[in-house]
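Please read the structure below before turning to the comments.
The values are calculated or read from the model by the stated rules, or taken from the named source; none is laboratory data. No experiment lies behind these values; they were computed from the predicted model shown. Reconstructed Cβ throughout: ideal geometry from the backbone, glycine too, with neighbour counts over all protein chains shown.
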Amino acid sequence: MIEEEKQSNQTKMFADLNKREIFEQAKTYAFAYADQIPEMEVFPSEESQKLLQGFDEALPKTQTSAQLVLEQLNQLGGPNTIAQTGGRYFGFVNGGALPVAVATKWLSDFWDQNGGLSLTSPINAKLEMVCEKWLRELFSLPDETVAGFVSGTSTANICGLAAARYRLLKNAGWDINVKGLNGAPKIRVIAHQEVHSSVKKGLAILGFGSENIEWIPSDDKGCLDLNHLPELDALSLVLLQAGNVNTGAFDPFSEVCDQANAVGAWVHVDGAFGLWAAACESLSYLTTGMEKATSWAVDGHKTLNTPYDCGIVLCRDEPAMISALQATADYLAFSDRREPLLYTTEMSKRSRAIELWSCLKYLGKSGVDEMITGFHLLANRLAEGLKVHDFRIINDVVFNQVLVACETEERTKDTLANIQKSGECWCGPSTWKGESVIRVSVCSWATTKEDIERTIRAFVHARN
Ligand SMILES: *Cc1c(COP(=O)(O)O)cnc(C)c1O
């Protein structure tokens, strides 16, 4: 009986696959969604959000047809998405998704590759190597730099910090993989106050503890203030930032890296969205000297507009990175090939290098430059347009981030609330030097000049 049931279920699943209908159905929904994106409410209305209650149901006792599963998701789920693939979503630093990469993901979803090993996915292993090489070139990083393909910059930061911890202790005669943290020489973590919350999370996970961090003040732009940089030594781990999450500002890499390299300290750069400035001719001055750091974290899913989840850790100390992430010194016995899982905290993992490769191949060097420089130009256009309407622009728009305020904090908050309700565009709140501000991040390929004009009108309308 049970055998028979299993048979019939499986037959049904084969039918789902072979008849292609559910894929046509998904495609129809997806295209209808894409068609409505330009005029869709950027954030779901309260009415739409009520639809989510439709998911409050008991676990189905028996099978549901694939058609019904997709239908429910489309009807109740579609209206509860953020219009992130449109041109007027400026929340957090999210970025859109290039159509070519979404199509690539569709195709590779059919492949369902486990990207952990070259044995589990030769194509992913190959494309990781290609991306590693191309990223080195785009960011002008040293030849020995290796890359790990992870879920995002949060994880990339953890990988970089773990490699740093391994190396600094190893150089001090302490093998953390064998001896652990108890009684280890003390690593000096040196960070400025504007470090991203994901870095704090990584430091906590790795057992550094917030009280052990030597916090140094940041300047008025949100950069590390060189005047307060303490003397570094061979147990120092310095955390720098390419792209402050509020102002978009960049730390003084060159000076810090020179001091660090002279004494064998480690510099990790969190460049989630900002490292991409290095790939743009007119913006690369922002990242001058960052190539002298030891490790870097960057996202594909923000500025480059790959779909989620795509983060990259880059490190020029391969033995430290592999040893830290594998907790074994004899990693080379693993295989004589470059194995993707050696460079990440994961074993089984999504083959995200496929979409990353697709974006890089599609855009090429000049396309990456053009797209990202475009974000900068549009961010400036927005800032200038808002100034004309008497909004205050709080930051120097050096990259893609714009901080906006009205004449009073209360008016700023009301304006933001109205913007968020309008459905015309979406931005989030932030606090800068104690003041509530509106934070705008321009980082989607889909944002046009018209979107910027429309956003300016939405701001003006929301303030009144
Ligand atoms: C977004 C961001 C992170 C975290 O990256 P995820 O991809 O969300 O994990 C870290 N640092 C900065 C500066 C960021 O903007």
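Output the residue which, of all residues in the stretch 296-329 that are more than 16 Å from the ligand (Cβ to nearest atom) and among the polar types (S, T, N, Q), is farthest from VAL238 (Cα to Cα). Lay out the reasoning, then the answer.
Step one: filter the stretch 296-329 for residues more than 16 Å from the ligand (Cβ to nearest atom), giving 315-329.
Keeping just the survivors that are among the polar types (S, T, N, Q) gives 323, 326, 328.
On the way: SER323: 20, GLN326: 23, THR328: 25 Å.
Per the stated criteria, the residue is THR328.
Of all residues in the stretch 196-222, which are surrounded by 15 or more Cβ atoms within 10 Å (Cβ to Cβ), free of Cβ contacts under 8 Å to residues at least 60 places away in the same chain, away from the ligand (no atom under 13 Å from the Cβ) and not in a strand (DSSP E or B)?
LEU206, PHE208, ASP219
Specify the residue that is nearest to PHE273 (Cα to Cα); the eligible residues are those in the stretch 149-166 that are touching a strand residue (DSSP E or B) at 6+ places or on another chain (Cβ under 8 Å) and among the hydroxyl-bearing types (Ser, Thr, Tyr). I'd like the intermediate steps shown before the answer.
First pass over the stretch 149-166, keeping only residues touching a strand residue (DSSP E or B) at 6+ places or on another chain (Cβ under 8 Å): 149-157, 159-161, 163-165.
Subsequent filtering for residues that are among the hydroxyl-bearing types (Ser, Thr, Tyr) retains 151, 153-155.
Working: SER151: 14, THR153: 9, SER154: 12, THR155: 14 Å.
Selected residue: THR153.
Any chance you could count how many residues in the stretch 10-53 are within 14 Å of THR81 (Cβ to Cβ) and in contact (Cβ under 8 Å) with a residue 24 or more places away in the chain?
14
Does MET290 meet the test of being closer than 14 Å to LEU161 by Cα and at pLDDT 95 or above?
Details: closer than 14 Å to LEU161 by Cα: no; at pLDDT 95 or above: yes.
No, not satisfied.
I'd like the full set of residues that are within 16 Å of the ligand (Cβ to nearest atom) and of a type in the set (Gly, Ala, Ser), limited to the stretch 232-287.
Once the filter is applied, which keeps residues that are within 16 Å of the ligand (Cβ to nearest atom) and of a type in the set (Gly, Ala, Ser), the stretch 232-287 yields ALA242, GLY243, GLY248, ALA249, GLY271, ALA272, GLY274, ALA277, ALA278.
For the condition under 30 Å from VAL100 (Cα atoms), hydrophobic (A, V, I, L, M, F, W, C) and surrounded by 22 or more Cβ atoms within 10 Å (Cβ to Cβ), what is the one hit in VAL398, VAL440? First the steps, then the outcome.
Working: VAL398 fails: surrounded by 22 or more Cβ atoms within 10 Å (Cβ to Cβ).
Selected residue: VAL440, the only one of VAL398, VAL440 that is under 30 Å from VAL100 (Cα atoms), hydrophobic (A, V, I, L, M, F, W, C) and surrounded by 22 or more Cβ atoms within 10 Å (Cβ to Cβ).
Would you check if there is a residue in the stretch 395-415 being farther than 30 Å from ILE438 by Cβ and not in a helix (DSSP H, G or I)?
At the first step, the residues of the stretch 395-415 found to be farther than 30 Å from ILE438 by Cβ are none.
Checked against the condition, which is being farther than 30 Å from ILE438 by Cβ and not in a helix (DSSP H, G or I), the stretch 395-415 yields no hits at all.
Exactly one condition in (1) in contact with a strand residue (DSSP E or B) (Cβ under 8 Å, 6 or more places away or on another chain); (2) within 16 Å of the ligand (Cβ to nearest atom); (3) small (Gly, Ala, Ser); (4) under 24 Å from SER348 (Cβ atoms) is not met by ALA191; state its number.
(4)
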